[in-house]
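The values are calculated or read from the model by the stated rules, or taken from the named source; none is laboratory data. These figures come from a predicted structure and were not determined experimentally. Backbone-built Cβ (ideal geometry, glycine too); neighbour counts: all protein chains shown.
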């Protein structure tokens, strides 16, 4: 075996071992999560051109017992406008009652309803033993007029502020089936409200019901604080949505998990896949607002290794992170990780080293941004551009399909199927509300690593 091949195989082995150490804090204390770093191309074929590499960072929360959870500070903000009459409101009330049953005495709850006006049905208070009393208040809610969504969320935030504390999980849960039409109603204004609440330590989960709500507004609110967004086409599934949301909140192990990736000279960070922005410096940062026990969240950084660095620069990035350990109630740090690659002049060996799972995953995440672009073209009435973008999306997904592992194949099939359904939908020369919402929720989940 020639020296270059031996050297390349040794480099490949070293590259594949990077990032598997346990996560510890600066003082060696075990932490309630695991961090893993990998690259899609651990062995790079040397070239006179830049070579692109995707760095994957995976964070997984450890399971916790119910007794270890932080108390909750929740504000349910419920749309009771005229369009919610009948089954929609009844299902929403039943879901809210189910949530009340799952809260403990030290949890805080407030309930805000809105239509033309905003009303506080239940001011923020500890649950204590008032479960039955609170459920009676929920049952009395009736439908009204228009949709003062901004005022409802704003009031929900004010109720949270009464018990706002780093010792609690502070979250608004908004449910609406309509478009904001009373008070500030633009996507930008309402997204700005979400950002303001996030700066104060609150988050906003949004639940869109039916086919008439504004999903761009709802995703912007949720993304502002890294909370959740749900699309509920069938009101019968509302209790399950509330159950999932509460289950996640009860199992949070970390908050404000900030990842920093630094690349040396010779390596150019390009973008976080699934996100529209490009990176302008050698350092990229991203924050996951929360991490639940058993939950895995992923971040993919695409970068380019210059021709001059190839063959000489093995450490292409360092990854560090800090977060709030909710079990310990203090700040913690993750030991710095070094991301390493090897080099070879054997193109076949380089191709064999490719991590096909990460390659497929990176294309899936990048596809989320392209889906948003497809939606934007359709919204603007440029159906030809929307169709053309779909063709490009399918080509990218199909290019990695054959070599992808089985689990990624299933996701790729789902992504391709969604695009094919959109092509059929566009035969009417517009994008239907239902298909737009299906695309939007899929893109949101990928872009936010949910």
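Descriptive notes on the structure:
- In segment 106-164, the residue that is surrounded by the most Cβ atoms within 10 Å (Cβ to Cβ) out of those that are touching a helix residue (DSSP H, G or I) at 6+ places or on another chain (Cβ under 8 Å) and either free of Cβ contacts under 8 Å to residues at least 24 places away in the same chain or not assigned by TED's automatic domain parsing to the domain that holds residue 175 (or both) is 122.
- When residue 376 is tested against (1) under 21 Å from the mean Cα position of the chain (by Cα); (2) free of Cβ contacts under 8 Å to residues at least 24 places away in the same chain; (3) surrounded by 15 or more Cβ atoms within 10 Å (Cβ to Cβ), exactly one condition is not met: (3).
- The set of residues in segment 165-193 being without any contact (Cβ under 8 Å) to a residue 60 or more places away in the chain and under 21 Å from the mean Cα position of the chain (by Cα) consists of 187, 188, 190, 191, 192, 193.
- Test result for residue 292, farther than 22 Å from residue 44 by Cβ and surrounded by 22 or more Cβ atoms within 10 Å (Cβ to Cβ): no
- Taken together, 180, 220 contain a single residue that is part of a helix (DSSP H, G or I) and either on the phi < 0 side of the Ramachandran plot or exposed (fewer than 15 other Cβ atoms within 10 Å of the Cβ) (or both), which is 220.
- Summed over segment 131-164, the residues that are at pLDDT below 95 and part of a loop (DSSP other than H, G, I, E, B) give a count of 9.
- Meets criteria (over 19 Å from the mean Cα position of the chain (by Cα) and under 27 Å from residue 104 (Cα atoms)) for residue 162: yes
- Among the criteria (1) touching a strand residue (DSSP E or B) at 6+ places or on another chain (Cβ under 7 Å); (2) part of a helix (DSSP H, G or I), the one residue 368 does not fulfil is (1).
- Segment 96-118: number of residues that are within 19 Å of residue 207 (Cβ to Cβ) and touching a strand residue (DSSP E or B) at 6+ places or on another chain (Cβ under 8 Å): 12
- Members of segment 200-213 found to be buried (at least 20 other Cβ atoms within 10 Å of the Cβ) and closer than 22 Å to residue 446 by Cα, listed by number: 203, 204, 205, 206, 207, 208, 209, 213
- Per-region count, segment 46-63, residues surrounded by 16 or more Cβ atoms within 10 Å (Cβ to Cβ) and assigned to a strand (DSSP E or B): 10
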